[in-house]
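A short worksheet on the structure shown next.
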Amino acid sequence: MYCHNFEKNYSRRQFLSQTSLGLGAAALAAIINPQSTFADGLLGQPHFSPKAKRVIYLFQSGAPSQLETFDYKPKLRQLRGQDLPESIRKGQRLTGMTSGQATFPLTGSIFGFAQHGQSRTWVSELLPHTAEIVDKLCFIKSMHTEAINHDPASTFLQTGSQLPGRPSIGAWLSYGLGSTNENLPTFVVLVTKNKTGQPLYTRLWGNGFLPSQHQGVQFRAGKNPVLYLSNPNGINNETRGHQMKYLRQLQEIQYQNVGDSEILERMTQYEMAFHMQTSVPEVTDVSDEPESTFEHYGPDSREPGTYAANCLLARRLVERGVRFVQLYHRGWDHHGGLPTNIQRQCQETDQASAALVMDLEQRGLLDDTLVIWGGEFGRTCYSQGRLTKTDYGRDHHPRCFSIWMAGGGVKPGFSYGETDDFSYNIAENPVHVHDFQATLLHLLGIDHEQLTFKFQGRRYRLTDVHGKIVKEILA
């Protein structure tokens, strides 16, 4: 009975390896139609015509304050120092960091706001470069989440669950849609170097219960962008190629004897690493970029591992067919000293974020590349700790926050959702994390209810178990 059920559930790769044609059939298919061989995801092709073919997700870890960036609330300036009304709080839970405060003094942003572009979008003076491209951006100002602390909130956004162990967005896309480049991973992760803040765990870009080939591959700054990729002394590419050939034969014999699909998944990863020995040095070598590119992204773009350099690298990766690039930039958790700290964060990210959008557009890539900017939740409209004329902090606030998206089928120069005068509650058009995820998958041509994986007796999905497409933001 076990063997019978196992035979009925072959994956495409398992079937090929078990037939008499085996890898020869795959090789022939590659000659006839290389693209079809690489895009070997579960779906074979999207459920419907996609607006986006790839995603760059600029994740601002630590949760940027919506009040200092995009959610302009002039009334808070008038009420500065007054206590948050109970009619606004409505008994909602607070974190342990402010629940013991005797008062919750309101404070608006000390930074100026102005309207920009034909869309007349309000943007903080901290983000002058982003302000210049607002007519290319689609803002969602009514995002909300269920998590009130960083780890579960980040895990929720990246995997659809507050509990660890689920596949990340990039892993789901790799599983569903497959690759468009046999020489690079489907899912690449970039983390800004030398940044402190909330911890980042590899499970945020993990494969969870999906086959291991779908996990994100982290590229690092420096001589060896991918760990353990280089050949040791005395081994050249020809020798490595022969090794891979015979290792594949041994692994197939082992698979015949054991029947564990992870044997083939491991081999797939070995072969990808072999291809990456050539492709990774090429994609990470930016010496072929003109001087104007570095001026566009800002001076930090010359230093590998900075946010600006990673934005430039993200563009190079999607140019070469990488489907999902995830950037993580820490340092947005401002419980105290917010005015000073958020200025630093914006200086590090503003120019490069805007440059990435414009660069993609100039290269004809923006129409089918979805760019996302945002953190895991928002910040409170009241000060955490002592409020002074020039200083304050803000606690975690899951009830509302802002993100922006660009390209890939979303409306440009558009804002969706509104918060109340305190940026404490959503006044119009709430967007839950699962709604955001459902919309993201929809833009890539995926029905979020149909992309599932059976694990421990039931079928899971990214939007487990709800979520609706935000059709109003679709172009």
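Quick look at the values:
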item	result
Residue within the range 95-106 that is without any contact (Cβ under 8 Å) to a residue 40 or more places away in the chain, within 24 Å of A406 (Cβ to Cβ), assigned to a loop (DSSP other than H, G, I, E, B) and out of contact with any Cys (no Cβ under 8 Å at 6 or more places or on another chain) present	no
Residue in the range 222-231 that is surrounded by 19 or more Cβ atoms within 10 Å (Cβ to Cβ) and under 13 Å from the mean Cα position of the chain (by Cα) present	no
Strands (runs of 3 or more DSSP E) (entirely within the range 382-475) containing at least 3 residues that are touching a residue at least 12 places away in the same chain (Cβ under 8 Å) and at positive phi	none
Failed condition for E146, given (1) surrounded by 21 or more Cβ atoms within 10 Å (Cβ to Cβ); (2) at negative phi	(1)
Residues satisfying the stated conditions in the range 226-266, i.e. outside any loop (DSSP other than H, G, I, E, B) and of a type in the set (V, I, T)	T239, I253, V258, I263
Single condition R344 does not satisfy, out of (1) surrounded by fewer than 17 Cβ atoms within 10 Å (Cβ to Cβ); (2) assigned to a helix (DSSP H, G or I); (3) free of Cβ contacts under 8 Å to residues at least 12 places away in the same chain	(3)
Neighbours by Cβ (under 7 Å, 6+ apart or cross-chain): first from the range 141-163, more than 23 Å from L67 (Cα to Cα); second part of a loop (DSSP other than H, G, I, E, B) and among the hydrophobic types (A, V, I, L, M, F, W, C)	G160/L462; Q162/A147
Verdict on G206 being within 26 Å of Q456 (Cα to Cα), in contact with a strand residue (DSSP E or B) (Cβ under 6 Å, 6 or more places away or on another chain) and not aromatic (F, W, Y)	no
Any hit, the range 371-381, residues being crowded, with 20+ Cβ neighbours inside 10 Å, assigned to a loop (DSSP other than H, G, I, E, B), at pLDDT 95 or above and on the phi > 0 side of the Ramachandran plot	no
Flag for C400 being closer than 26 Å to P85 by Cβ and of a type outside the set (V, I, T)	yes
Count of residues meeting criterion [within 22 Å of the chain's Cα centre (by Cα) and either surrounded by fewer than 17 Cβ atoms within 10 Å (Cβ to Cβ) or modelled with pLDDT of 95 or more (or both)] in the range 270-297	1
Checklist (1) aliphatic (A, V, I, L, M); (2) part of a loop (DSSP other than H, G, I, E, B); (3) more than 18 Å from the chain's Cα centre (by Cα) applied to L200, failing item	(3)
Restricting the range 101-125 to residues that are more than 21 Å from L79 (Cβ to Cβ) and surrounded by 21 or more Cβ atoms within 10 Å (Cβ to Cβ), the residue that is nearest to the chain's Cα centre (by Cα)	V123
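Okay, residues lined up against (1) in a helix (DSSP H, G or I); (2) modelled with pLDDT under 95; (3) not basic (K, R):
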residue: R13; (1), (2), (3): yes, yes, no
residue: S20; (1), (2), (3): no, yes, yes
residue: L28; (1), (2), (3): yes, yes, yes
residue: D40; (1), (2), (3): no, yes, yes
residue: L43; (1), (2), (3): no, yes, yes
residue: P50; (1), (2), (3): no, no, yes
residue: V55; (1), (2), (3): no, no, yes
residue: G62; (1), (2), (3): no, no, yes
residue: D71; (1), (2), (3): no, no, yes
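The values are calculated or read from the model by the stated rules, or taken from the named source; none is laboratory data. What you see is a predicted model; the values in this text were computed from it and never measured. Cβ: placed from backbone, ideal geometry, glycine included. Neighbour counts: every protein chain shown.
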